[in-house]
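Have a look at the structure below, then the notes.
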Amino acid sequence: MHLEKSSAQRWTTTDTAKMAVVTGLYVAVTVVLSVISFGAIQFRLAEMFNYLPLFNKRYTLAVTLGVAIANLASPLGIVDVLFGSISTLIVLLICRGITRNIASLKKKMIVTALLFSFSMFTIAGQLTVLYQAPFFFNWLIIGLGELLSMGLGGVLIYLINKRIDLTK
């Protein structure tokens, strides 16, 4: 007989460890590549981890926490920590909701990449408010950078999933 787990039993030590690894990887990749991870032109390769919640919802929290910690290194400081992590959480939840009934992993990943690229208006907005940078130009440039990083990262995550079951 299969009984529903209580909320206290949902995450095992193994689950928590996997979440910590993803959080740490997001932070490490972003900080090591900080020269291209922040600013008006950015290519944040760690964004590839945005696909992980498509495989298992536990990664929603792990990626969001990774963004929050990594954004401590951002020139925008606490503004980027707050808005970046909140925006990431919202978009991850939207992606999970929208892709729930899509059977094809490739289609789920394409939808996720497009949604995250569109969501870069939040970063463009921060740059506009804080630095009077041109909103639509920044949205376009940052959105294209996001699409490129999600595209390359998506291929990597797809190939990793062929070798390792990311749903577990």
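Observations on the model:
- For the chain, adding -39500 (n - 2.57) for each run of n ≥ 4 DSSP H residues and dividing by the number of residues yields -22500 deg cm²/dmol at 222 nm.
- Computed from Cα atoms, the angle from the helix 135-163 axis to the main principal axis of the chain rounds to 30 degrees.
- Per residue, the chain exposes 56 Å² of solvent-accessible protein surface, assessed with a 1.4 angstrom probe and all protein chains in place.
- 3J(HN,Hα) along the stretch 77-92, derived from phi through the Karplus expression 6.51 cos²θ - 1.76 cosθ + 1.60 where θ = phi - 60°, amounts to x, 4, 4, 5, 4, 5, 5, x, 6, 5, 4, 4, 4, 4, 5, 4 Hz, with x in place of Gly and Pro.
- Highest-first arrangement of 127-134, 107-114, 34-41, where packing means the average Cβ count within 10 Å: 107-114, 34-41, 127-134
- Segment L148-T14, extension gain: residue separation times 0.36 nm, minus the distance between their alpha carbons: 45.0 nm
- Axis angle, to the nearest 10 degrees, between helix 121-131 and the longest C-alpha principal axis of the chain: 40 degrees.
The values are calculated or read from the model by the stated rules, or taken from the named source; none is laboratory data. Computed from a prediction, not measured in an experiment: that's the story for all the values here. Here Cβ is always computed from backbone atoms with ideal geometry, including for glycine, and neighbour counts include all displayed protein chains. Heavy atoms of the whole protein, side chains included, go into the accessibility calculation; ligands, DNA and RNA do not. Shrake-Rupley method; radii C 1.70, N 1.55, O 1.52, S 1.80 Å.
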